[in-house]
Amino acid sequence: QVQLVESGGGLVQAGGSLSLSCVASGIFFGFKGMAWYRQAPGKQRELVAEITSGGRTNYADSVKGRFTISRDNAKYTVHLQMDSLKPDDTAVYYCNMECEYTDYWGQGTQVTVSS
């Protein structure tokens, strides 16, 4: 059974920083990459940042220059460093692992940015 466990969410003031981490465990095949998504109340889940097994990264326009995604493939761990946070970044953040035939999701961690 594959599990993704996120940590690091919380409450921060606008302009502050938070760091999220996600560790994957279990047996899986065809690892392709990991990503962070978020879902704010009343909105659809959206991609925040992704990183492939080869290290290529992609960011949503809204977080470019403020968020940094990194990974440790050997440990199937992904991090998201979030700086200059804005109230609009408030959401539940979900870790995602993409494999050849399926995706896996974490349970989500709440990030709240107060103005």
Check: in the chain the Lys pairs 8 or more apart or on separate chains whose Cα atoms fall under 26 Å apart number 6
Over segment 1-41, what is the relative contact order in whole percent, taking alpha-carbon pairs under 8 Å and six or more residues apart?
42 percent
Within the set of other residues whose C-beta is less than 12 Å from the C-beta of Ala91, count the net charge using Lys and Arg as +1 and Asp and Glu as -1.
+1
Val113 neighbourhood, Cβ < 14 Å, K/R = +1, D/E = -1, net charge 0
Please compute, over every Cα-Cα pair in the chain, the percentage with a separation greater than 25 angstrom.
16 percent
How high is the relative contact order of the chain? Use alpha-carbon pairs under 8 Å, at least six apart in sequence, and give a whole percent.
37 percent
Full-stretch length increase - Ala74, Glu46 - with 0.36 nm per residue and alpha-carbon distance subtracted:
7.4 nm
Given a 1.4 Å probe, the accessible area of segment 11-71 per residue, as a whole number of Å², is 57 Å²
Rounded if a/c is under 1.5, else prolate if a/b beats b/c, else oblate: with a ≥ b ≥ c from the C-alpha gyration tensor eigenvalues square-rooted, which is segment 63-115?
prolate
Roughly how many Å is it from the Cα centre of segment 69-115 to that of segment 1-35, as a whole number?
5 Å
Could you tell me which of Val113, Gly55, Ala35 has its Cα farthest along the dipole of the chain towards the positive end, charges placed at Cβ (Lys, Arg +1; Asp, Glu -1), taken about the Cα centre?
Val113
Using a 4.7 Å Cβ cut-off, which Cys residues in the chain lack a partner cysteine?
Cys99
Roughly speaking, to the nearest percent, how much of segment 17-61's 1.4 Å accessible area is carbon and sulfur?
49 percent
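The values are calculated or read from the model by the stated rules, or taken from the named source; none is laboratory data. From a predicted model like this one, the values you see are computed outputs, not experimental measurements. No Cβ is skipped: glycine too gets one built from the backbone with ideal geometry, and neighbour counts run over all protein chains shown. All accessible areas refer to the heavy atoms of the entire protein, side chains included, with ligands and DNA or RNA removed. Shrake-Rupley method; radii C 1.70, N 1.55, O 1.52, S 1.80 Å.
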